[in-house]
Structure formats: structure tokens, C-alpha cells
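Report on the following structure.
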Amino acid sequence: MRDLDELALAMPQATKEVSEDGRPAYLVHGKIFVIHRNRRKDALDPQTGERLADVLMFRVAGLEWKELLLADPRGVYFTTPHFDGYPAVLVRIPDLGRLEREELANLVEQAWLTRAQKRVAKAWLEAQEPADR
């Protein structure tokens, strides 16, 4: 979670809001791009049937990107019927450790790009290009 916090807040104009029970939400221009979801009836522990308290939602660029992530053989990414047709994937907090930092950074960046204003996103993308181009 420390890496997620650092990466999300490094994005231009990103802010963090924390719920009363300590769950963070990362926003850009008031729009959520990553959030620690509250317990919901659509995300249950397969062994206990209890509602999961450790689920993060990441926005993605589209349903095609979502399907690619869901096909990852590690099983880190998942979804629920609540998110059918919605461009987002879910990740359990303990599974963040299964992602390389670069992969997590890419996931955060892509989530941020889905919500950032076009001019801000364009400026950020241009700044990421190698200087020798």
C-alpha cells in the first residue's frame, strides 16, 4: 500500500481522500481512479463467504484492457458482476506484493489517464517520452 500511495500521489494533480474507516481513494480533478472499496456483497472470500475488506478498484482504459488483465494467469486481477461492462479491475491488497513495482506503476498510470483532463494527460505523456526522439 505504501508503493500504491507513493505512485498514485506522484501523478499530476492527484489527491487522496481517506474514509472514516481509513480506506483511501485516489482522485484527479475530483474523479476516482483507484479506491479501496468497502465491504460489498459482490466480493466474497471463497473460503469463508465473508465480504472482502481488502479490495482495490483500478480504472482501466477500456473493456479490452480489462479482459487482458483478467486473463493474467497469476490470478491477481478479478472482477465481480457489479463491474460487468465497466472499465475497472479489482485487486486484493495482499496481491499487490505479487506485482512488480513497474507493473503497479503502469496500472496506476493507466488508471490516472482514464480520469485526468486531456490537456494534463497529454502534457504528462509528452514528458514521459525519451528526450532523444
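Since every read-out is calculated from the coordinates, none of them should be taken as a lab result. All values reported here derive from a predicted model rather than from experimental measurement. Cβ: placed from backbone, ideal geometry, glycine included. Neighbour counts: every protein chain shown.
Worth a mention:
- The convex hull built on the alpha-carbon positions of the range 10-83 has an orientation-averaged projected area of 6.3 nm².
- Computed from label points 7 Å out along Cα-Cβ, the spacing between Tyr86 and Arg51 is 1.4 nm.
- Cα gyration tensor shape for the range 51-92, rounded if a/c is under 1.5, else prolate or oblate: oblate
- A cut-off under 12 angstrom between Cβ atoms defines the neighbours of His29, and their net charge, with Lys, Arg +1 and Asp, Glu -1, is +4.
- Shape of the range 2-128, Cα gyration tensor, a/c cut at 1.5: prolate
- FRET efficiency, His29 to Leu70 (Cβ-Cβ, R0 25 Å, nearest 0.05): 0.35
- GNM flexibility winner over the chain from Glu100, Glu50, Glu20 (Cα, springs under 10 Å): Glu20
- Förster radius 41 Å - calculated FRET efficiency between Asp5 and Leu63 (Cβ-Cβ, nearest 0.05): 0.90
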